[in-house]
Amino acid sequence: MAVNFEEEGQEDADENDDRELERFEFLELVVRVAVEKFTNKKCPEKNKAYHKRLQILLERHIVPNALAIIAQADGVDEFELAMEAEEVELETLVFDNETLLRDMYVHYMAQNEDERLRKKGLQMNAFLLLLKESKLLDPELTKLEVKQSFIDAQDDTENSDNRLCDFEEFVEALIRCASEKWEEGELGALPLADKFTMLLEAVKTWKGELKTKGVVFDSVRQKNDRARALKMAEIQAAKEEKAKKGKGKKKK
């Protein structure tokens, strides 16, 4: 209502319908939405400049969704065809690297912007961070392409949460990123499985660096928990055996 501009005396003009937006009105609407959506009402001093808020809205919401609409309009998805053709090879790669993939998935869930979602799935910002820290972002794999890969990997069923990737969606998003990164040039002719292998090597290298920085991954925690549980069971069994022997001596 605020942006549906009417010059004085032209309120009933057919050229600018009260129920429709002109282009300039739509653009103003987008700016107003950005300003309102990213306003910190509790701490106004922390608010970003208007143009920064507009940039966030464009990068996170408008551009990715526009690309998704364009992709749907294009019809045949070449990536889907490649996925089907190399299904066995890709499944084998995921199986062989499941510990790596699950460790990185859990580690980066803790980087979600929304703390309430840090145990429910992976947000786009955390997915971007993984690609950036693994040194995979470059002119061949841009932030926009990573965001689009994240969106395209989302399950489109009614109950899915498009803000988050579950583990299967996370894996597909990585495969899509591999396809985007090595889409052109000599490496463009490589099978999708080979491209995914190269991406996994970069992620594995980064995981090794994180280990040297003292990061303890979920697989290690689970292994330690299992070892601790086994040790406690052994101690408990030894105590029970000792108690039985003690009772036997008393009866004698």
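The values are calculated or read from the model by the stated rules, or taken from the named source; none is laboratory data. In this text the structure is predicted, and so the values were computed from the model without any measurement. No Cβ is skipped: glycine too gets one built from the backbone with ideal geometry, and neighbour counts run over all protein chains shown.
Couple of notes before you dig in:
- Residue in the stretch 30-37 that is part of a helix (DSSP H, G or I) and either touching a Ser or Thr at 6+ places or on another chain (Cβ under 9 Å) or small (G, A, S) (or both) present: yes
- Residue match in the stretch 159-168 (condition: aliphatic (A, V, I, L, M) and more than 15 Å from the chain's Cα centre (by Cα)): no
- Residue under evaluation R116, criteria (1) part of a helix (DSSP H, G or I); (2) closer than 22 Å to T205 by Cα, criterion not met: (2)
- Test result for A178, in the same structural domain as V94 (by TED's automatic domain parsing), within 16 Å of the chain's Cα centre (by Cα) and over 24 Å from D114 (Cβ atoms): yes
- Selection of the stretch 99-134 for residues being charged (D, E, K, R) and touching a Phe, Trp or Tyr at 6+ places or on another chain (Cβ under 9 Å) yields R102, D103, E133.
- The residues listed here are V106, V88; of these, the one that is in a helix (DSSP H, G or I), within 13 Å of the chain's Cα centre (by Cα) and more than 15 Å from L199 (Cβ to Cβ) is V106.
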